[in-house]
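Reading through the C-alpha coordinates given below for one structure.
The values are calculated or read from the model by the stated rules, or taken from the named source; none is laboratory data. Just so we're clear, the structure is a prediction, and the values are computed from it rather than from any experiment. Positions of Cβ are backbone-derived with ideal geometry, glycine not excepted, and every protein chain shown enters the neighbour counts.
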Amino acid sequence: MPPKTEQKSHVSGTKAKKRTSTTTARTSGTRQKQAGSGTTSVAQVRLRPDELADLQRVMQTLKLHSLSDALREGLRLLSREATEVAAAQEIRDFYKGGQAPTPEGVLPSTEDELAAADEIEW
(Lines give C-alpha, C1' and ligand atoms only; values in the text may rest on other atoms or scores of the structure.)
Protein backbone atom coordinates (compact mmCIF):
# COMPACT_ATOMS: atom_id res chain seq x y z
CA MET A 1 0.00 0.00 0.00
CA PRO A 2 1.48 3.40 -0.91
CA PRO A 3 2.21 5.89 1.87
CA LYS A 4 -0.42 8.55 2.54
CA THR A 5 0.12 12.19 3.39
CA GLU A 6 -2.42 14.77 4.49
CA GLN A 7 -3.09 17.79 2.31
CA LYS A 8 -5.67 20.57 2.64
CA SER A 9 -8.29 20.36 -0.10
CA HIS A 10 -8.56 23.46 -2.30
CA VAL A 11 -12.27 22.96 -2.84
CA SER A 12 -13.79 22.17 0.51
CA GLY A 13 -11.17 23.47 2.92
CA THR A 14 -11.05 20.07 4.63
CA LYS A 15 -8.09 17.78 4.95
CA ALA A 16 -7.80 15.22 2.18
CA LYS A 17 -5.56 12.18 1.99
CA LYS A 18 -3.04 12.33 -0.82
CA ARG A 19 -1.81 9.06 -2.28
CA THR A 20 1.43 8.71 -4.14
CA SER A 21 0.17 5.99 -6.50
CA THR A 22 -0.12 6.61 -10.22
CA THR A 23 -3.82 5.72 -10.37
CA THR A 24 -5.72 8.64 -11.88
CA ALA A 25 -9.30 7.43 -11.56
CA ARG A 26 -10.90 4.47 -9.85
CA THR A 27 -14.00 3.27 -8.13
CA SER A 28 -14.09 1.48 -4.83
CA GLY A 29 -16.41 -1.44 -4.35
CA THR A 30 -15.78 -1.35 -0.63
CA ARG A 31 -16.81 2.29 -0.22
CA GLN A 32 -20.34 2.19 -1.56
CA LYS A 33 -23.23 4.16 -0.16
CA GLN A 34 -26.94 3.51 -0.42
CA ALA A 35 -28.76 6.48 -1.95
CA GLY A 36 -32.41 7.09 -2.71
CA SER A 37 -31.95 5.95 -6.31
CA GLY A 38 -29.78 2.91 -5.52
CA THR A 39 -26.21 2.03 -4.69
CA THR A 40 -23.54 4.62 -5.48
CA SER A 41 -19.78 4.26 -5.77
CA VAL A 42 -16.99 6.60 -4.82
CA ALA A 43 -14.67 7.59 -7.70
CA GLN A 44 -11.44 9.53 -7.44
CA VAL A 45 -9.87 11.71 -10.10
CA ARG A 46 -6.59 13.58 -10.03
CA LEU A 47 -6.81 17.10 -11.54
CA ARG A 48 -4.07 19.54 -12.48
CA PRO A 49 -4.41 23.03 -10.96
CA ASP A 50 -5.62 24.50 -14.29
CA GLU A 51 -8.25 21.77 -14.64
CA LEU A 52 -9.48 22.40 -11.10
CA ALA A 53 -9.68 26.15 -11.77
CA ASP A 54 -11.68 25.48 -14.96
CA LEU A 55 -13.98 23.13 -13.06
CA GLN A 56 -14.59 25.72 -10.33
CA ARG A 57 -15.45 28.38 -12.97
CA VAL A 58 -17.88 25.96 -14.61
CA MET A 59 -19.46 25.19 -11.23
CA GLN A 60 -20.00 28.90 -10.54
CA THR A 61 -21.36 29.59 -14.03
CA LEU A 62 -23.77 26.65 -14.00
CA LYS A 63 -24.57 27.06 -10.28
CA LEU A 64 -23.49 23.51 -9.47
CA HIS A 65 -23.18 23.06 -5.70
CA SER A 66 -20.56 20.32 -5.49
CA LEU A 67 -17.75 18.63 -7.37
CA SER A 68 -19.96 15.55 -7.55
CA ASP A 69 -22.71 17.54 -9.28
CA ALA A 70 -20.19 18.95 -11.77
CA LEU A 71 -18.64 15.59 -12.53
CA ARG A 72 -22.06 13.92 -12.90
CA GLU A 73 -23.07 16.64 -15.37
CA GLY A 74 -19.85 16.06 -17.34
CA LEU A 75 -20.47 12.32 -17.42
CA ARG A 76 -24.05 12.90 -18.56
CA LEU A 77 -22.78 15.01 -21.48
CA LEU A 78 -20.11 12.42 -22.36
CA SER A 79 -22.77 9.71 -22.34
CA ARG A 80 -24.96 11.76 -24.69
CA GLU A 81 -21.99 12.33 -27.02
CA ALA A 82 -21.13 8.61 -27.03
CA THR A 83 -24.75 7.74 -27.87
CA GLU A 84 -24.70 10.17 -30.82
CA VAL A 85 -21.37 8.78 -32.09
CA ALA A 86 -22.72 5.22 -31.85
CA ALA A 87 -25.91 6.19 -33.72
CA ALA A 88 -23.87 7.86 -36.48
CA GLN A 89 -21.74 4.71 -36.79
CA GLU A 90 -24.87 2.55 -37.05
CA ILE A 91 -26.12 4.75 -39.90
CA ARG A 92 -22.74 4.53 -41.68
CA ASP A 93 -22.72 0.75 -41.22
CA PHE A 94 -26.29 0.43 -42.52
CA TYR A 95 -25.52 2.43 -45.68
CA LYS A 96 -22.09 0.72 -45.99
CA GLY A 97 -20.24 4.04 -46.10
CA GLY A 98 -22.49 5.51 -48.80
CA GLN A 99 -24.53 8.67 -48.54
CA ALA A 100 -27.81 8.25 -46.66
CA PRO A 101 -30.79 9.30 -48.77
CA THR A 102 -32.32 12.71 -48.08
CA PRO A 103 -36.03 13.01 -47.33
CA GLU A 104 -38.34 13.76 -50.25
CA GLY A 105 -38.20 17.44 -51.21
CA VAL A 106 -34.89 18.09 -49.40
CA LEU A 107 -31.90 18.98 -51.55
CA PRO A 108 -28.51 17.47 -50.68
CA SER A 109 -26.10 19.83 -48.89
CA THR A 110 -23.51 21.63 -50.96
CA GLU A 111 -19.79 21.47 -50.16
CA ASP A 112 -19.95 25.11 -48.93
CA GLU A 113 -22.85 24.30 -46.58
CA LEU A 114 -21.01 21.28 -45.19
CA ALA A 115 -17.83 23.32 -44.67
CA ALA A 116 -19.80 26.08 -42.90
CA ALA A 117 -21.46 23.49 -40.64
CA ASP A 118 -18.03 22.06 -39.74
CA GLU A 119 -16.88 25.53 -38.64
CA ILE A 120 -19.79 26.09 -36.23
CA GLU A 121 -18.90 25.80 -32.53
CA TRP A 122 -21.49 25.54 -29.78
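Against the condition surrounded by 10 or more Cβ atoms within 10 Å (Cβ to Cβ), at pLDDT 95 or above and of a type in the set (Ser, Thr, Tyr), how does residue 83 come out, does it pass?
yes
Consider residue 61 carefully, then state whether it is farther than 23 Å from residue 40 by Cβ and hydroxyl-bearing (Ser, Thr, Tyr).
yes
Can you pull out the strands (runs of 3 or more DSSP E) entirely within the stretch 3-80 that have at least 2 residues that are modelled with pLDDT of 50 or more?
25-35, 38-45
Condition check: among the polar types (S, T, N, Q) and assigned to a helix (DSSP H, G or I). Does residue 83 satisfy that?
Yes.
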